[in-house]
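Structure first, then comments.
The values are calculated or read from the model by the stated rules, or taken from the named source; none is laboratory data. Here the structure is a predicted model, which means the values were calculated and not measured. Positions of Cβ are backbone-derived with ideal geometry, glycine not excepted, and every protein chain shown enters the neighbour counts.
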Amino acid sequence: MNQLKRRNFLKLSGTAAASVIAVPTIISACARGKNGNVAPSDRINLAFIGSGNQAMNDIRDFVTDRRIQITGICDVNKQSIGYWDGKVGGREIGINLVNTCYSELTGKKYTGCQGFEDFREVIARKDIDAVEVVIPDHWHSIPVLMAAKAGKHIYCQKPLALTIPEGRAMANAVKKYGITFQIGSQQRSDENFRRVCEIVRNGRIGQLERVECGLPSGTPDYGKTGQLTETIPVPKDFDYNTWLGPAPDAPYCPARTHVNFRWVLDYSGGQVTDWGGHHPDIAQWGMDTEHTGPVKIQNAKATWAVHPIWNTATEYYFECIYANGVKLIISNKARGGVTFFGSKGWAWSTRGKHEVFPENLKDTVIGTDEVHLYKSDNHFRNFVDCILSKKETIAPAEISHHSIAMSHLGNIAMKLGQDLDWDPVAEKFINNDMANSMLSRKMREPWATVYKGLMV
């Protein structure tokens, strides 16, 4: 890194001079809260484990629900650039947003949101009832396993886990400890996706033959740090070693961390998994395969990032074949969203809209004796509703595990360049030791031992 670039990055890392995530947007959202007054003693105390760009979006949604009180923000980074659109994010930004929002809601200064650097301290707190895990994918499993064991309710951002075995462990723990769990696949709370899935499930497009999921391509430089690839000293107030956590040791550079983590296979799976918790999840919903998976992955091909740090797929295509013969295609070349093709027509949906053919299907009425899918109009409120009612959420851990598994299988098949046979019950490849060896990722100590001790 040349000296000018290095000086500019270090200067911005240590100051709030760069633009921060907009507080006024969150304040106006707070002012629209509709849940009325709830006694503080009756509120669910929620802490955030992670304070990046997605956490800021989710704070906006949770603060409007007066049944929730956000009492803690945890992050290993105090404050720096490298978040969405190059904005400043981190623990202090999250705390400020929460306190500002509650001050606006109550009409008096609020300073009750506490900061934490170690997520284990959050989980150990008896006065915290629920957590949102909103950190890079390689860090999802251990906090979720710990929180479930501690009896905390969990809202976890998608994708569920970095690997299929980690996802299985998380789903098992949620079941064993009986806590409420919601994955951040919020499309299940979009009426357009639900409508299309009901049309498909009730046979309106005839016999289902093929499904296509169109996901984004490339490795967009969301954090405006993509060119900052040379090793430099770790910024002050950023615990980089803990940020790496169970992932392999690696020298620090800005391009590796914060919002751009998703383009490094040690921490994520690129667009394939970043969006794999969305459209493929809807595909499984419409196919009625939420508790299983494909039996074969075939015709997998990819173009991989050419970058000193980023190495995920930028273009990709693979086919998931199910036991009933239905083919699910996941590709950046398909029409964005989810398209179901049947013997008598098709149905497509993306966020906020849907289309069907024949067009008269749009007015079709689903009868009282037909399939009606779980109805949720707000993903965050559904989580809170289910904590209180003890009902299952619209996007529980077991279903989320099967939904993201397809993306993990696709990445493995694209890496190997092979067709692969999959046993969705045993969750193993059939007669392929190399592929099976890629299902798990070796963890660094001490986290490998911690993870092993949390198995149920």
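Assorted remarks:
- Some residue of segment 421-430 being at pLDDT 95 or above and part of a helix (DSSP H, G or I): no
- Residue pairs whose Cβ atoms lie under 6 Å apart, sitting 6 or more positions apart in sequence or on different chains, and linking a residue in segment 388-406 that is within 20 Å of ASP377 (Cβ to Cβ) to a partner that is crowded, with 22+ Cβ neighbours inside 10 Å and of a type in the set (D, E, K, R), are ILE394/ARG188; ALA395/ARG188.
- Of all residues in segment 255-284, those satisfying the criterion of being part of a helix (DSSP H, G or I) and under 30 Å from CYS197 (Cβ atoms) are ARG262, GLN271, VAL272, THR273, ASP274, HIS279, PRO280, ASP281, ILE282, ALA283, GLN284.
- Of the strands (runs of 3 or more DSSP E) lying entirely inside segment 323-382, those containing at least 1 residues that are in contact (Cβ under 8 Å) with a residue 12 or more places away in the chain, under 15 Å from ASN202 (Cβ atoms) and aliphatic (A, V, I, L, M) span 346-350, 353-357.
- Taken over segment 62-94, residues that are of a type in the set (A, V, I, L, M, F, W, C), surrounded by fewer than 22 Cβ atoms within 10 Å (Cβ to Cβ) and in contact with a strand residue (DSSP E or B) (Cβ under 7 Å, 6 or more places away or on another chain) amount to 1.
- Test result for TYR252, more than 22 Å from the chain's Cα centre (by Cα) and either free of Cβ contacts under 8 Å to residues at least 40 places away in the same chain or part of a helix (DSSP H, G or I) (or both): yes
- Residues of segment 309-350 satisfying the condition of being within 25 Å of LEU361 (Cβ to Cβ) and among the charged types (D, E, K, R): LYS327, ARG335, LYS344
- Segment 383-401: number of residues that are assigned to a helix (DSSP H, G or I) and within 14 Å of the chain's Cα centre (by Cα): 4
- Residue that is surrounded by the most Cβ atoms within 10 Å (Cβ to Cβ) [pool: residues in segment 193-214 that are of a type in the set (Lys, Arg) and part of a helix (DSSP H, G or I)]: ARG194
- Options ARG262, ARG335, ARG256; residue that is charged (D, E, K, R) and farther than 30 Å from PRO424 by Cα: ARG256
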